[in-house]
Structures are given as structure tokens and as C-alpha cells.
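Here the structure comes first, spelled out in C-alpha cells, and everything after it is commentary.
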Amino acid sequence: MLTVKQIEAAKPKEKPYRLLDGNGLYLYVPVSGKKVWQLRYKIDGKEKILTVGKYPLMTLQEA
């Protein structure tokens, strides 16, 4: 499980990366540094990604 401290400490890198929270939810950190909550799930065997909201507009608890 992610903490607010981990989220706030997440800085952009040369390549985008994800901070996993669990059950398919993660914080996506692109090169631009604009953090986005995303949810990975499967329907009929196909992986889908749903953008849930932007951090900090959507908090960890809300996501």
C-alpha cells in the first residue's frame, strides 16, 4: 500500500514509472512529473487501463 509520503517523494525520471498500491490501482509518474491515478483491469482477457484522476486533485484515499 502506498503512503502519502511515498507519493509526494515520487519525482520524474528519464522514463515513466508506476507506484503500485494494490488491486490494479497505481500512481503513474510520467517524464513530465504530472502524477495520475490509473487502474489496470481485464475484460474478456484483454487488459485495459482506466485513468481515475490526477494527483493531488484526487487524493490517495479518494482513489
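The figures follow:
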read-out: Helical mean residue ellipticity (222 nm; -39500 (n - 2.57) per DSSP H run of 4+; nearest 500) of the chain; value: -2000 deg cm²/dmol
read-out: For the range 4-54, the Rg and Dmax computed from alpha carbons only, in angstrom; value: 11.6, 36
read-out: Efficiency of FRET from Cβ geometry, Lys46 and Met1, R₀ 30 Å, rounded to 0.05; value: 0.65
read-out: Spatially close lysines, pair count over the range 4-54: Cα under 19 Å, gap of eight or more or interchain; value: 16
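Here, each number is a calculation from the coordinates, and none is a lab measurement. Just so it is clear, the model here is predicted, and its values are computed rather than measured. Cβ sites come from the backbone with ideal geometry, for glycine too, and all protein chains shown count toward neighbours.
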